Amino acid sequence: MIQNKAPGKDVSIEDMAEKFPLASKKNNTHFSNFDVGGIPFGGSLIPIMAGPNMVENERLIVETAINVKKAGAHFLRGGAFKPLSFPYRSDKYTETREEGIRWLGIAKKETGLGIITEVMEEKYLDLICEVTDILQIGARNMQNYPLISAAAKTKKPLMIKRHFGASLRDWLGAAEYALYEGNEKIILCERGVTVPHTHRDSSRFLLDLQVVPAAKEITHLPIAVDPSHATFWRPWVAPMSLASVAAGADSIMLEVHPDPENSAVDPLQPIDFDSFTKLMRSMDKVAHINGKHILNV
Ligand code: PEP
Ligand code: MN
């Protein structure tokens, strides 16, 4: 087997030994395999995390939970504390914060789905941990090391999204902060990087699918992909989800909304329940090519 001694342009053998020894793959067969509430990560199942961008209200999150579960999703996503790009708020465009966390709890009770939601401030960790199964560190906080350390100390599994300007080296450094706290349940999530020119002016990010095999050469941690944030454009979500599964992603995060065009946040990117159900079946077929699966069929 060909050994790539210096995988990636910015990661050296010394980095692997000295900068992120815990995140580096210990040998060619060591992969991180762990279970979150009975759902295994890093194995032959590709867990799917689906839900709205924002937990807008109780009805929306419960209805979404029921429908994504019916389609085979493993986790319900949704932000109650959100890094919104501008400080101005309308009634619709307001984070639901403590209320939103409570509604996620109701959706969890109704469906049994595990929850993944973002934490932005250390002071809300206890509250969020009462409900969530996975703490999401958003792209904007990937280098907020005190937040990552505090989140890791809760012992909840963490998903660290890659900042849109971060190298693989930076991303693994963030994971190392979490591993250093003794928390081994760390998932990395690629969600699109900024490039000078993408296909259209409104396309904010480019999905860096190459980072999936690149990261796997170095780290044993499971690598998730979020094609919704990466493409920012509904028609591209399904093709890039299939490509992500083909590229070897260990988990996929998707924005799903009962009425996508009226999503309070980023209405161009969520898909509806029917599209999600179809996509789950297609992703499962692609997963089979790699000897993996998404659905129980
Ligand atoms: C999100 O998943 O809701 C989100 C804000 O994503 P990102 O941090 O990748 O922008
Ligand atoms: Mn199958």
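Which of the residues spanning region 257-266 are touching a residue at least 24 places away in the same chain (Cβ under 8 Å) and more than 16 Å from ligand 1 (Cβ to nearest atom)? Talk me through it step by step, then tell me what you get.
Step one: filter region 257-266 for residues touching a residue at least 24 places away in the same chain (Cβ under 8 Å), giving 257-258, 260, 263-266.
258 - this is the single residue of region 257-266 that is touching a residue at least 24 places away in the same chain (Cβ under 8 Å) and more than 16 Å from ligand 1 (Cβ to nearest atom).
Hey, can you tell me all the residues within region 229-256 that are part of a helix (DSSP H, G or I) and touching a residue at least 60 places away in the same chain (Cβ under 8 Å)?
229, 245
Contact list please: Cβ distance under 6 Å, first residue in region 267-295 and of a type in the set (Phe, Trp, Tyr), second residue more than 11 Å from ligand 2 (Cβ to nearest atom), pairs at least six apart or on different chains.
The qualifying pairs are 273/67; 276/71; 276/256.
Given the conditions (1) closer than 18 Å to residue 22 by Cβ; (2) surrounded by fewer than 19 Cβ atoms within 10 Å (Cβ to Cβ), report the number of the one that residue 165 does not fulfil.
Checking residue 165 against (1) closer than 18 Å to residue 22 by Cβ; (2) surrounded by fewer than 19 Cβ atoms within 10 Å (Cβ to Cβ), the one that fails is (1).
Out of everything in region 44-55 that is crowded, with 16+ Cβ neighbours inside 10 Å, within 16 Å of ligand 2 (Cβ to nearest atom) and part of a loop (DSSP other than H, G, I, E, B), what residue ends up being farthest from the chain's Cα centre (by Cα)?
Filtering first and then ranking leaves 46.
So, in region 208-228, exactly how many residues are within 14 Å of ligand 1 (Cβ to nearest atom), assigned to a strand (DSSP E or B) and touching a residue at least 40 places away in the same chain (Cβ under 8 Å)?
1
Residue by residue through region 130-160, note down the ones that are within 15 Å of ligand 1 (Cβ to nearest atom), buried (at least 18 other Cβ atoms within 10 Å of the Cβ) and over 20 Å from residue 113 (Cβ atoms).
Once the filter is applied, which keeps residues that are within 15 Å of ligand 1 (Cβ to nearest atom), buried (at least 18 other Cβ atoms within 10 Å of the Cβ) and over 20 Å from residue 113 (Cβ atoms), region 130-160 yields 137, 138, 139, 141, 142, 144, 147, 148, 151, 160.
Please determine, by comparing only the residues of region 244-272 that are surrounded by fewer than 19 Cβ atoms within 10 Å (Cβ to Cβ), farther than 19 Å from residue 204 by Cα and not charged (D, E, K, R), which one is nearest to the chain's Cα centre (by Cα).
The extreme case among them is 248.
Condition (residue is within 13 Å of ligand 1 (Cβ to nearest atom) and closer than 25 Å to residue 215 by Cα) applied to region 83-91: is it met by at least one residue?
Narrowing region 83-91 to residues within 13 Å of ligand 1 (Cβ to nearest atom): 83-85.
When the remaining residues are screened for being closer than 25 Å to residue 215 by Cα, the result is none.
Within region 83-91 (the criterion being within 13 Å of ligand 1 (Cβ to nearest atom) and closer than 25 Å to residue 215 by Cα), the answer is no, since none of the residues qualifies.
If you scan region 1-41, which residues turn out to be modelled with pLDDT under 85, buried (at least 18 other Cβ atoms within 10 Å of the Cβ) and more than 22 Å from the chain's Cα centre (by Cα)?
The answer is 7, 8.
Would you confirm whether or not region 180-200 contains a residue that is out of contact with any Leu (no Cβ under 9 Å at 6 or more places or on another chain), β-branched (Val, Ile, Thr) and closer than 25 Å to residue 15 by Cα?
Looking through region 180-200, none of the residues is out of contact with any Leu (no Cβ under 9 Å at 6 or more places or on another chain), β-branched (Val, Ile, Thr) and closer than 25 Å to residue 15 by Cα.
Within region 74-88, identify whether any single residue is surrounded by 19 or more Cβ atoms within 10 Å (Cβ to Cβ), of a type in the set (D, E, K, R), assigned to a loop (DSSP other than H, G, I, E, B) and under 15 Å from the mean Cα position of the chain (by Cα), and answer yes or no.
Within region 74-88, one or more residues are surrounded by 19 or more Cβ atoms within 10 Å (Cβ to Cβ), of a type in the set (D, E, K, R), assigned to a loop (DSSP other than H, G, I, E, B) and under 15 Å from the mean Cα position of the chain (by Cα).
The values are calculated or read from the model by the stated rules, or taken from the named source; none is laboratory data. Here the structure is a predicted model, which is why all the values come from computation and not from measurement. Methodologically, a virtual Cβ is constructed for each residue, glycine included, from the backbone with ideal geometry; neighbour enumeration extends over all protein chains shown.
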